[in-house]
Each structure stands twice: as structure tokens, then as C-alpha cells.
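Asker: A single structure is presented below for examination.
Read-outs: derived from the displayed coordinates by stated rules, not from any lab. Here the structure is a predicted model, which means the values were calculated and not measured. Positions of Cβ are generated from backbone atoms using ideal geometry, with glycine treated the same way; all protein chains shown enter the neighbour counts.
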Amino acid sequence: QKVSVEVLDHLEHLALVDFRNSEGVERLQKAIQFADQLHEINTDGVEPMDSVLEDRWCLYLREDDVTEGNCTKELLENAREKVEEYFVAPPGNIPLPKLEERETFLQGS
């Protein structure tokens, strides 16, 4: 099943993922084929669930005890990119190609 340019455009904007190369498009098509297997499962009479824990009356939460603190400097050392004292996420948004560029690429795949 071929993926349309419009679907690629929508997914790139949602996920900030670049599908410009053939490997990315192929991986996406394989993921769609894998997910399509779910259509073969008979779900007649099965109510959708909001959560796997929806049959419980209450959820038991642990106490939120602070055991450490003042470690901002150490945590920010793990950041790939930061601005002042904040993580930048996602790191380095990708520039998305123009719609015409994707159309010519998809014709070749």
C-alpha cells in the first residue's frame, strides 16, 4: 500500500520526522502493514477501554517523598541542547521539505 504525499506531510508535521528518503518511507509502509493486521481481529461485542485499569474503583498512588534535590546542573549536563536552564525538545526541529519536493521523491519510490 503506497503512502500518499498528503499523509506523509501530515505525519511529518505531527511527529517532526523526516520521511524524505526511501528508507523512511519503506519503514513507514512496513509499520502500516503490521498495524493493518489488527483489522483481521473480530472485535464485535467488545467495548473499547479507556484504560487497562478501568475496572478498579481507585488507583493506589505511592507517597511522593522527595529524597534528593538541587541537582539542576547535573541533570542539564545530559541535555543534547538547552536554553538557559531548560531542555530543548525535540532537539533541533527538522526543516520540512516543500510539498513539490516530496511529490517528486515519492514518484521514485
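Asker: Can you give the Rg to Rh ratio of the stretch 1-41, both from alpha-carbon atoms, with Rh computed by the Kirkwood formula?
Answerer: Working: Rg = 10.9 Å, Rh = 10.9 Å.
My calculation puts Rg/Rh at 1.01.
Asker: Could the peptides 6-12, 58-64 be put in order, highest first, of the mean number of other beta-carbon atoms found within 10 Å of their residues?
Answerer: Details: 6-12: 15.1, 58-64: 5.4.
For the peptides 6-12, 58-64, the packing ranking is 6-12, 58-64.
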